[in-house]
Every structure is written in C-alpha cells, then in structure tokens.
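The values are calculated or read from the model by the stated rules, or taken from the named source; none is laboratory data. As the structure is a prediction and not an experimental result, all values here were calculated from the model. As a convention, Cβ positions derive from the backbone with ideal geometry for all residues, glycine included, and neighbour counts pool all protein chains shown. The accessibility values were calculated without ligands, DNA or RNA, using every heavy atom of the protein model including side chains. Shrake-Rupley method; radii C 1.70, N 1.55, O 1.52, S 1.80 Å.
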Amino acid sequence: MSEILIKNANLCDPIQGINCENMDICIRDGKIVESVSENAEIIDAGGRLTMAGGFDGHTHSAGKINVGRFINPNDARRKLVPGLSGPEKRTEKTRAQVGYNTPNTYAIGYRYAKLGYTTICEAAIPMLAARHTHEEFKEIPILDKMGLSLFGSNWQVMEYIRDKEPEKLAAYVAWGLKASRGYGVKIVNAGGGEAWGWGKNVNGLYDPVPNFDVTPAEILMGLVEANEKLQLPHSVHVHCNNLGKPGNYETTIETMKMFEKVKPTVDRQSLHVTHVQFNAYAGTSWRDFETGAPMVSDYLNSANHLTFDLGQVIFGPAVTMTADGPVEYANSRLLHEKWSNQDIELEDASGVVPLSYSPKSFINAVQWAIGLELALLVEDPWKIMFTTDSPNGGSFVNYPEAFTYLMSAKKREQVISGFGQMALDRMVLPGIDRELSFYELAIMTRSMQSKMYSRPEKGNLKVGSDADIAIYDIIPGDIDPSVEHEKVKQAFSGAAYTLKDGKVVVKDGQIEATPMGRTYWVNAKVPADIDSAMQKDTDIKFKKYYTVSKSNYMVEDSYLPNPVEISTEGVF
Amino acid sequence: MQAVKLSLKKANKIPIEADTVSPDNFAGKTKEEIEAILAWYGNGQCPLGDFFTVEVEGSDSTENTKIVFDGDVSRVKRIGQGMSAGEIEINGNVDMHCGFGMKGGKITINGDADSWLGCEMKGGEIILNGNASYYVGSGYRGESCGMRGGKITVNGNAKDYLGEHMCGGEILVTGNVGLLPAISNNGGTIVIEGNATMPASEMKNGTVIIKGEVSDMLPSYKEDGTEEVEGVTYRKFVGDVNASGKGVLLVK
Ligand SMILES: [Zn+2]
C-alpha cells in the first residue's frame with residue numbers, strides 16, 4: 001500500500017466545481033481517497049495551482065507521425081522550445097530525445113508529462129496499420145493512451161449504408177474497434193479518402209462517393225447510428241468535409257446541424273467536431289479569405305449536442321498529417337512542399353506535408369486568430385477542447401504559449417501588432433477582450449475530456465478517480481495572468497510535480513520516473529448472428545482485396561502490454 | 001600567430017567526430033589544453049590527445065590561429081564545423097562534413113573530401129585540391145536551405161547533388177560533376193567548368209553556369225536568348241518551370 005498526502009494544494013477541479021481552493025489531496029494505491037494514514041508520504045504543494053492531469057483528446061502521436069519523422073529528418077535537431085524540443089542526451093532516468101513536431105516516442109511521453117498531461121488520444125488509427133500505432137504506444141512512456149479508428153471512407157461501411165443494413169454496420173464498427181484496439185469512431189472528410197483513390201474529392205455533404213453511391217451526409221448519419229447503437233463511450237469524432245477551403249464554415253455548420261436530431265445513448269455529446277479552426281473559413285478564395293469563426297461560434301453558442309476542439313495554429317514549422325489525402329495533395333502543390341501520400345487499401349487515404357506558419361502571411365495570421373476567436377467567442381468552455389491538432393497546427397510543446405493567448409489580451413496584442421493591415425481586416429480577434437481563468441483553462445485541457453470520452457476517473461480529482469495530478473509553480477491568488485503571462489507560460493512549461501497513478505513522474509520540470517501507461521480500447525458486444533453475417537462479408541473483402549490476411553490484420557493482445565478493455569452492450 | 005599541428009598517431013577505423021577541432025576552440029590554448037579537448041569516438045568521448053600528436057607554436061586569437069593536419073584523416077569527420085575565423089589546412093584526405101556550417105575563415109584540403117563538404121556553410125572559404133564526394137555545399141537531410149554564403153572551390157571532380165538546396169554563396173568546380181547538381185536551389189551561384197548531368201532540377205532561384213557538356217538537359221527550362229559572362233557567350237535557360245522557378249541556367 002502506498003499513500004501520499006498532497007498538502008496545501010490550490011485545487012482547480014471544475015468537475016467538482018472547485019475553483020482554486022486550498023485543500024489537501026489524499027492518494028492511496030494510485031487513486032484519490034478520502035483520507036490517508038499518518039505514514040503517508042507528504043508533498044507540500046505550498047498553495048500552488050493544482051489540477052487533474054491534462055488530457056489531450058486529439059493529437060497525432062503514434063502511427064502517421066512516423067511518416068512525418070522520416071520525411072522531416074531535420075525536425076530531429078529543432079530546438080525551438082527550450083527543454084521541450086531538440087536533441088537531449090540519455091540520462092539515468094530517460095532515453096535520448098530528439099525532435100520538435102515529430103519527436104521520438106520517448107520524448108512524446110516525457111514532454112507531455114512535463115506539461116502536466118497524463119492522457120492522450122491518438123486521433124487517427126488506420127485499422128490496416130493499427131499494429132504499428134500500438135507498437136508506438138508501447139514505447140510512449142508514462143501516458144495513458146487511446147486511439148480513434150478511421151471508418152469514414154471504408155468500403156464495407158459505405159456498402160452497408162448504401163444497402164441499408166444498420167445492424168451489420170454496427171457489427172462491423174464493433175469488429176473494427178476490436179481489430180484495431182481502438183476507442184472510438186473517427187471520420188475524416190467522409191467519403192473523401194475513397195474519392196482520392198480516383199484522384200478526386202467529395203465537395204461537401206451531398207456529393208456522392210465514386211462507385212459507392214453514398215454521400216458524406218449518409219456516411220456520417222450511418223456511422224453515428226452505429227456509434228449510438230453500440231453505446232460507445234465516445235461520440236463520433238468528425239473532421240468535416242472541405243477542410244482548409246475558404247468558405248468551408250458553411251459545410252461545418254451544416255454538418256453540426258445534421259446531428260441535432262441524434263439521440264445519444266450515453267451521457268455525452270452526440271458529435272465531436274475536430275480542429276474547427278481549419279473548418280471555419282469564410283470567403284470564396286484565398287484572395288478574399290477571412291474568418292468564419294463568428295458564424296461558427298454563433299451556432300455553437302446556440303447548440304448543446306456537440307463538443308469541438310480548436311486546432312490552434314502556432315507560428316513556426318508544423319507538420320500536417322491527416323487521412324484527408326486530397327487536402328494534403330493541395331497543400332503540397334500550394335506550398336511546393338514535400339508530400340507523402342498513402343492508400344490505406346479499402347479503408348481510407350493518408351497524407352503528410354510539412355509547412356511553416358508565418359505571422360507575415362495574412363492567411364496564416366488569420367488562421368492563428370480563428371482558433372483563438374473560437375475559444376473566446378464560444379461562451380461555454382465545456383464545449384471546447386484545447387488542441388493544436390498537434391503537430392498539424394503546431395507541436396503540443398507550445399501549449400503553454402497558447403494558454404497565454406487565451407489568458408491574456410495583452411499577450412494577444414503583442415502578437416497581433418506584428419500583423420499586416422490585410423490580416424487585421426480579415427479577423428475579429430483584436431475586438432475581443434475576454435481572458436480565460438485557470439478554471440476555464442482546466443475545463444478545456446482536462447475536465448471536459450472526462451465527459452467527452454466517458455472516462456469518469458480522468459480529468460478530475462474526485463474520490464475514486466485516478467491520481468493523475470499536475471502541480472504548477474503558480475500561486476493563483478498572487479498572479480495576474482493577464483499581465484504576468486510570461487510567468488504563466490513558464491509554469492505550464494514544466495510542472496512542479498506531475499503524478500501519474502499516484503507516482504511522481506515529474507518534479508521541478510524534470511522526469512523522475514517513467515512507468516508504463518495503460519491503453520484503453522472498446523469491446524462492443526454484438527449479437528452472435530449479426531456478427532457472423534457481417535464476418536462473411538469481411539472474409540470476402542480479405543480474400544478479394546486486402547494485401548493481408550484477416551489473422552494478420554487483427555491487433556493481438558501482445559501488442560497491448562497494459563490494456564484496459566471497456567465493454568459496452570450494443571442495443572439491437 | 002598560433003600554429004597547431006595535429007598528426008594522427010595511428011589510422012582509425014571507427015570515425016572520430018572532430019567537431020571540436022576549429023580555430024575557435026583552439027585559439028589561446030596550450031598543447032595540454034588542446035589534447036584534453038573531447039571528441040566523440042563510437043559511443044563515448046575521448047580526448048584529442050588519445051588520437052593525435054599535438055604541437056603548438058605561439059598563442060593567439062581565433063583569426064590568427066592555423067590548424068594543420070599532417071597526413072591522411074579520411075576517418076575524421078566534421079573538422080572545422082561551425083568555425084568563424086582562422087585557418088585549417090589538411091594535407092591528405094578528409095572524412096564527411098568537413099566545414100559543416102562554417103561561418104568564416106578558410107579550410108584548405110590537399111587531398112579528397114568525402115560527402116557533405118561545406119554543408120550549410122554560411123561564410124568563409126573552402127579550397128579542395130582534390131575530388132569531392134556527394135552533397136558539396138548542400139543542406140542537412142530534410143532541410144530546405146543548404147549553403148547560404150561563402151565560397152567552395154573544388155579543384156577536381158565532384159559527385160552527385162552538388163549544392164543541393166543551396167540558398168546563397170558560390171561553388172566552383174574545375175572538373176566534372178555527377179547527377180543533379182544544384183537540385184532544388186533557391187539562390188547562390190554554381191560554376192562547373194567540366195560536364196554535368198541533369199543540372200538545376202527544381203531550381204527556384206540562383207545561377208548555374210556549365211562550361212562543359214550537359215547530359216540530359218531537363219525539358220522544364222525555357223530558353224531565353226543568350227548571356228555573356230567573362231567574355232564567353234552561353235545559351236540562357238530560365239526555370240525550373242516545374243517549381244515556378246526564376247533560376248538562370250547558362251550552358252554552352
Ligand atoms: Zn487531427
């Protein structure tokens with residue numbers, strides 16, 4: 001039995017409604033408890049800001065990031081954020097580290113932990129390559145992990161939707177999650193990945209996918225029905241159609257509206273829309289491009305059925321990586337950049353393109369502003385997850401910098417003062433004076449994720465929850481984040497303490513221990529007859545089309561050294 | 001003036017990573033101090049004195065420090081990396097990454113140089129009296145900007161990818177070069193007195209002059225009259241059109 005007493009913590013735990021109050025936290029065997037014995041080890045938080053461990057619910061940290069690594073070997077030596085990037089020698093406690101946007105697996109674990117984050121969700125697992133994702137998970141220390149499996153351009157999915165076989169579709173989704181050891185359903189540019197196989201794209205929600213005679217709207221509605229039938233812990237996680245195109249905010253709002261009628265079977269949102277920054281563009285071309293954030297925010301303020309994340313842009317080099325193949329082709333042509341393109345056989349497409357966001361580019365400046373506008377114009381922080389869609393908008397190691405944009409209008413002014421007039425004319429950010437509190441920041445970085453992913457033991461420090469805790473070197477009552485934004489950035493860049501399952505993993509910004517985290521996956525139960533009918537169709541796919549056999553496709557148990565199986569009961 | 005002479009005690013098989021060997025690091029130091037400077041060797045670091053006999057004459061500033069390698073150092077890498085002033089003379093062959101990222105001063109090599117000579121160089125001069133291998137004056141793998149300034153003279157031949165991703169500075173090769181010199185260039189000047197194959201592919205900017213034969217001239221260049229350089233008239237091509245380039249390629 002191991003016990004820890006954290007004394008004098010200034011706790012900010014929105015799930016319990018605790019807003020920066022001084023209290024003690026008791027830990028026994030990795031869980032929060034009511035009280036501990038006198039033998040408990042004592043950590044004196046000294047009145048410093050204490051939160052549940054951070055939870056990045058949308059990051060590209062295993063799988064596709066590896067393509068980013070090999071097309072950007074130069075990223076290994078980038079040292080743009082001190083202590084959180086570039087080459088670092090092996091120590092007694094840590095392995096060697098490299099990289100900035102595409103760090104090695106060990107560095108991903110260490111650096112998230114230094115920021116006080118303890119859980120991540122890989123945003124895109126191509127099922128065919130799921131073994132690779134889990135191989136990387138295995139080598140990411142400290143963090144608990146989960147991943148979302150790609151279903152949005154999958155042949156069998158589209159056929160079941162076309163043929164109106166919702167039960168088989170649900171059975172296939174359940175099987176796909178099991179095969180890939182995934183946690184939820186990701187849909188990227190529904191139908192676009194398949195269209196890209198023919199060098200085409202789908203232009204919005206009602207443009208049929210070549211050869212399948214289904215529209216993106218039908219794919220979205222079919223998959224959400226399956227998602228709710230299976231009572232999955234997470235809602236469908238959607239990367240909207242028309243990403244990165246001026247004028248796309250209309251498609252985004254239309255997509256969000258479509259889900260108003262969905263009744264979730266689990267107590268959570270019925271839709272999560274990801275990296276909305278890339279999908280909140282107004283204008284008709286890059287010439288008259290401008291922010292669409294006010295329109296999207298207006299809608300989000302009126303809607304209660306969904307959550308979204310930002311995809312905030314960070315100036316400097318980034319690497320875009322997405323299953324949205326046609327977008328990556330467009331990026332590579334537009335920017336004359338390196339381009340990786342992959343065909344995921346019957347499932348989707350995939351692309352990787354490095355780029356650099358510059359405040360001198362009016363387009364990049366407006367993109368930067370849009371992310372912040374969304375965060376500040378949407379009133380309810382429980383709808384918002386903070387992300388940079390790392391490393392698409394920028395590396396997660398810049399989160400502390402981005403927090404200061406949210407918490408300090410002065411800091412924003414500093415950045416905005418470097419923009420040209422054209423950029424200023426196309427954004428609304430300079431007129432927004434809202435500054436987020438630590439409480440609101442905690443919601444966006446850990447608390448809302450608890451509800452969004454149905455992980456009640458995460459993102460809060462209630463009795464019974466996991467003792468994943470971050471203590472930051474800030475005394476909330478003594479600091480004005482609006483003015484002292486540099487101090488805020490400093491504190492969030494290296495936690496005074498990060499505890500994972502009640503073990504100190506970071507102390508004074510340095511790694512103390514590197515335990516292996518868990519991998520969550522969802523096993524959704526399906527009636528045997530429906531499952532076997534669906535399996536027959538799957539067998540045909542493997543026989544006729546896949547380059548691998550079914551038995552070599554499934555992620556085996558040995559790939560998950562520390563699995564947590566979440567079972568759900570399908571409603572059929 | 002400070003003169004430092006380094007003689008390899010015995011030929012090494014495992015390369016020595018000699019990025020600490022530069023006038024910047026040696027200036028004002030005694031024989032003992034220089035012998036104690038560490039260099040990577042395999043997975044560990046060893047003092048230079050383990051590898052070299054060190055002779056030092058005088059003591060002076062960086063700009064007045066000259067390092068002479070007496071004999072072949074074909075398994076010694078990164079000599080003169082990042083140097084800002086002073087001089088290095090190598091009397092023999094040298095391994096990869098000689099003069100990597102150098103900012104000033106001069107390196108003279110009386111022998112052949114392995115790949116990545118003067119890679120990401122920003123200033124100063126490299127004179128190679130011998131043949132060069134691949135990627136002279138190029139960028140680090142994956143980087144979009146290679147050599148930015150300074151001058152590399154190769155009095156001999158060079159292999160493929162000469163000046164890859166070069167953004168500035170000058171390269172002169174008196175002999176022949178291999179495939180794809182000046183690939184993806186965005187500035188600078190390359191003069192090749194001998195022959196070249198498929199030059200200036202994806203060049204955005206810069207000037208490439210080829211005095212010898214060009215094999216497999218790329219079709220993605222537009223011919224644009226003639227240009228005279230130092231009394232010689234060349235056919236002028238502009239491109240690479242595939243990269244919307246405005247580079248100038250002058251050929252016979
Ligand atoms: Zn993403």
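Some points to look at:
- When A:Val319 is tested against (1) within 16 Å of the ligand (Cβ to nearest atom); (2) not in a strand (DSSP E or B), exactly one condition is not met: (2).
- Boolean, A:Arg28 is farther than 20 Å from A:Lys458 by Cβ and in contact (Cβ under 8 Å) with a residue 12 or more places away in the chain: no
- Residue count for segment B:232-252, restricted to those that are away from chain A (no Cβ under 14 Å) and open to solvent by 70 Å² or more (accessible area, probe 1.4 Å): 3
- Counting only strands (runs of 3 or more DSSP E) wholly contained in segment B:128-215, the ones carrying 3 or more residues that are more than 23 Å from B:Lys106 (Cβ to Cβ) and away from chain A (no Cβ under 14 Å) occupy B:205-210.
- Within the option set A:Met51, A:Met23, being more than 20 Å from A:Gly394 (Cβ to Cβ) and within 22 Å of the chain's Cα centre (by Cα) holds for one residue only, A:Met51.
- Take the conditions (1) buried (at least 24 other Cβ atoms within 10 Å of the Cβ); (2) within 22 Å of A:Tyr281 (Cα to Cα); A:Arg333 misses just one of them, which is (1).
- Residues of segment A:67-96 that are open to solvent by 60 Å² or more (accessible area, probe 1.4 Å), away from chain B (no Cβ under 14 Å) and under 25 Å from the mean Cα position of the chain (by Cα): A:Leu80, A:Pro82.
- Residue in segment A:105-126 that is within 14 Å of chain B (Cβ to nearest Cβ) and buried (at least 24 other Cβ atoms within 10 Å of the Cβ) present: no
- Leading residue by the ranking (farthest from the ligand (Cβ to nearest atom)) among those in segment A:393-431 that are open to solvent by less than 10 Å² (accessible area, probe 1.4 Å) and in contact with a strand residue (DSSP E or B) (Cβ under 9 Å, 6 or more places away or on another chain): A:Leu429
- Hey, A:Ala293 crowded, with 17+ Cβ neighbours inside 10 Å, closer than 30 Å to A:Lys550 by Cα and of a type in the set (Gly, Ala, Ser) or not: no
- In this structure, A:Gly311 does not satisfy being open to solvent by 10 Å² or more (accessible area, probe 1.4 Å) and touching an Asp or Glu at 6+ places or on another chain (Cβ under 6 Å).
- Breaking point among (1) polar (S, T, N, Q); (2) more than 16 Å from the ligand (Cβ to nearest atom); (3) touching a residue at least 24 places away in the same chain (Cβ under 8 Å), for A:Asn241: (2)
- Enumeration of residues in segment B:32-53 that are open to solvent by less than 80 Å² (accessible area, probe 1.4 Å) and acidic (Asp, Glu): B:Glu35
- Flag if B:Gly163 is under 30 Å from B:Ser220 (Cα atoms) and either open to solvent by 20 Å² or more (accessible area, probe 1.4 Å) or touching a His at 6+ places or on another chain (Cβ under 7 Å) (or both): no
- Selected residue [without any contact (Cβ under 8 Å) to a residue 60 or more places away in the chain, farther than 30 Å from A:Met127 by Cβ, open to solvent by less than 60 Å² (accessible area, probe 1.4 Å) and assigned to a strand (DSSP E or B)] from A:Leu5, A:Leu11: A:Leu5
- Counted residues, segment A:257-288 - those being farther than 14 Å from A:Val236 by Cα, touching a residue at least 12 places away in the same chain (Cβ under 8 Å) and open to solvent by 10 Å² or more (accessible area, probe 1.4 Å): 7
- Test for A:Val353: is it within 14 Å of another protein chain (Cβ to nearest Cβ) and either in a loop (DSSP other than H, G, I, E, B) or farther than 23 Å from A:Leu271 by Cβ (or both): yes
- Members of segment A:322-344 that are away from the ligand (no atom under 16 Å from the Cβ) and either of a type in the set (Gly, Ala, Ser) or within 14 Å of chain B (Cβ to nearest Cβ) (or both): A:Ala330, A:Ser332, A:Arg333, A:Leu334, A:Leu335, A:His336, A:Glu337, A:Lys338, A:Trp339
- Test: A:Gly371 is open to solvent by less than 50 Å² (accessible area, probe 1.4 Å), within 14 Å of the ligand (Cβ to nearest atom) and part of a helix (DSSP H, G or I): yes
- Whenever a residue of segment A:77-88 is closer than 8 Å to A:Ser395 by Cβ, its partners that are assigned to a loop (DSSP other than H, G, I, E, B) and of a type in the set (D, E, K, R), lying with C-beta atoms within less than 9 angstrom and at least six residues away or across chains, give the pairs A:Ser85/A:Arg78; A:Ser85/A:Lys79.
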